[in-house]
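Q: Encoded as structure tokens, here's the structure I'll be asking about.
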Amino acid sequence: MSIFIITGARSLDNTAHGIPKEVVSQLVGRAAQAGKNIAVRGCQSTTEIARCLRNARDNGAEFILLDPGPRGLVNGALAPALENLSIPYIEVHDDDFGALETALDIGHPLNVIQGYGAQSYVMALSIALERMGFAECENDVHVGT
């Protein structure tokens, strides 16, 4: 089973899926210590993000870190997919644009992490692993949930 990282389109995407390769490496390593895999999917539209969310459980996802991008929820295309999502998720924003107000009322994310750059993904993964019962995995710092 895996932890999925689903990211929306980026205007300046010069890295894999919008996440620096070094950060992806760190995430993969931390998840592996808990016996979990990381699957990263970069999507070019909200329609593609919604499709990934709808298919996540069938593809082995146990937890989702969702970064819809700066315009991720503006048109509401993600609302039905998030409302029907049966997998816990954390909304992640690696920038200071912040979560859109509607994001907090759709699908009930466990948490919203924003404004910490690539470190937002690391923080979100720490929370996800803790929620999954792997609080002691290589992590000397209690993140809190």
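Q: Quick one: in the stretch 44-67, of everything that is in contact with a Ser or Thr (Cβ under 7 Å, 6 or more places away or on another chain), of a type outside the set (G, A, S) and not in a helix (DSSP H, G or I), which residue is surrounded by the fewest Cβ atoms within 10 Å (Cβ to Cβ)?
A: Looking only at the stretch 44-67, we keep the residues that are in contact with a Ser or Thr (Cβ under 7 Å, 6 or more places away or on another chain), and these are 57, 60-62, 67.
Filter again for of a type outside the set (G, A, S), leaving 57, 62, 67.
Then drop every residue that is not not in a helix (DSSP H, G or I), which leaves 62, 67.
Details: E62: 16, D67: 28.
In this case the residue turns out to be E62.
Q: Could you tell me which numbered condition I6 fails, if it satisfies all but one of (1) modelled with pLDDT under 90; (2) surrounded by 22 or more Cβ atoms within 10 Å (Cβ to Cβ)?
A: Going through (1) modelled with pLDDT under 90; (2) surrounded by 22 or more Cβ atoms within 10 Å (Cβ to Cβ) one by one, I6 breaks only (1).
Q: Which of the residues belonging to the stretch 36-82 are modelled with pLDDT of 90 or more, among the β-branched types (V, I, T) and within 9 Å of G8 (Cβ to Cβ)?
A: I49
Q: Across the stretch 94-143, what is the total count of residues that are touching a Ser or Thr at 6+ places or on another chain (Cβ under 8 Å), within 18 Å of A32 (Cα to Cα) and at pLDDT 75 or above?
A: Looking only at that region, the number is 3.
The values are calculated or read from the model by the stated rules, or taken from the named source; none is laboratory data. Only a predicted model underlies this, so the values are computations on that prediction, with no experimental measurement involved. Please note: Cβ atoms are built from the backbone with ideal geometry, for glycine as well, and neighbour counts cover all protein chains shown.
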